[in-house]
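These notes are about the structure you will find just below.
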Amino acid sequence: MGRKSTKENKNIYQISREKMEYTRETAACKLEFISSDRIEKIESEKTLPHPEEVLAMSDCYRNPALCNYFCSHQCPIGIEYVPEIKTKELSQITLEMLSTLNKLTREKERLIEITVDGELSEDELPDFLKIKEELEKMALAIDSLNLWINQTIASGKIDKDKLKP
């Protein structure tokens, strides 16, 4: 039987493992290809996990957010291009999506005016950047919804097969 950690500043990997009530040894058995020593090095931040290890931990610990965390905080490409997605309740995600949709509906005509000639003039740039910011908010809301769905599936509250068309 493993010891219970008393470490105060636990990283997301350790928190996720402990939430499942797995010792490092138990996690290593379930993960099969990641040793308990390797798990300790990842959790103590002596080394970064490999993408395939994050995928396996995400599945084993039933925490799909580990993948976004890795990509947005630890992967050199992801740090540049992948935004962090915060875990939110479905109602908050829905309200954010609707708010952004309302703003985009109002800005739709302006976007058409700006893009119809295929060029972006100096005077159009401020409006275009404002619309781009709203589109980025919508993309984040969609990513949040997908994360919520994946977490709900991982927790067993939704059957993945019932989501297929």
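The values are calculated or read from the model by the stated rules, or taken from the named source; none is laboratory data. Here the structure is a predicted model, which means the values were calculated and not measured. Heads up, the Cβs are rebuilt from the backbone with ideal geometry, glycines too, and the neighbour counts pull from every protein chain shown. Heads up: the accessible areas ignore ligands, DNA and RNA and are worked out on the full protein's heavy atoms, side chains in. Shrake-Rupley method; radii C 1.70, N 1.55, O 1.52, S 1.80 Å.
Some points to look at:
- When the Cα positions of Ala139, Thr152, Gly118 are compared along the charge dipole of region 83-165, Thr152 comes out farthest toward the positive end, with charges on each C-beta of Lys, Arg, Asp and Glu.
- Descending by average beta-carbon neighbour count within 10 Å, the peptides 11-23, 121-133 line up as 11-23, 121-133, the highest first.
- Percent carbon-and-sulfur accessible area, the chain, ignoring ligands, DNA and RNA, probe 1.4 Å: 54 percent
- Mean shadow area of the chain, taken as a quarter of the surface of its Cα convex hull (nm²): 13.5 nm²
- Across region 62-165, the mean sequence separation of Cα contacts (distance under 8 Å, 6 or more residues apart), normalised by length, yields a relative contact order of 38 percent.
- At most 16 other Cβ within 10 Å, DSSP loop - trypsin sites (Lys or Arg not before Pro), region 77-110: Lys86, Lys88
- Dipole moment magnitude, nearest 20 debye, region 83-165 about Cα centre, only Lys, Arg, Asp, Glu C-beta charged: 800 debye
- From the Kirkwood radius over Cα pairs of region 108-165, Stokes-Einstein at 37 °C and 0.692 mPa s returns a whole-number translational diffusion coefficient of 232 µm²/s.
- Computed over protein heavy atoms with a 1.4 Å probe, the accessible surface of region 1-85 works out to 65 Å² per residue.
- The residue list Thr105, Ile42, Ala27 was ranked by how far each Cα lies along the charge dipole of region 27-116 toward its positive end, using unit charges on Cβ atoms, and Thr105 comes out on top.
- Ranked from largest, the principal axis spans of the Cα set of region 61-100 equal 33, 26, 8 Å.
- Cross-link reach is defined here as a Cα-Cα straight distance under 17 Å, omitting same-chain residues fewer than 8 places apart; for Lys30 the aspartates and glutamates meeting it are Glu18, Glu21, Glu40, Glu43, Glu52, Glu53, Asp59.
- Calculated [θ] (222 nm, deg cm²/dmol) that DSSP helices of n ≥ 4 give over the chain, each run adding -39,500 (n - 2.57): -20000 deg cm²/dmol
- Translational diffusion of region 1-98 was estimated from the Stokes-Einstein equation, with Rh taken as the Kirkwood radius over Cα pairs; at 20 °C and 1.002 mPa s the coefficient is 148 µm²/s.
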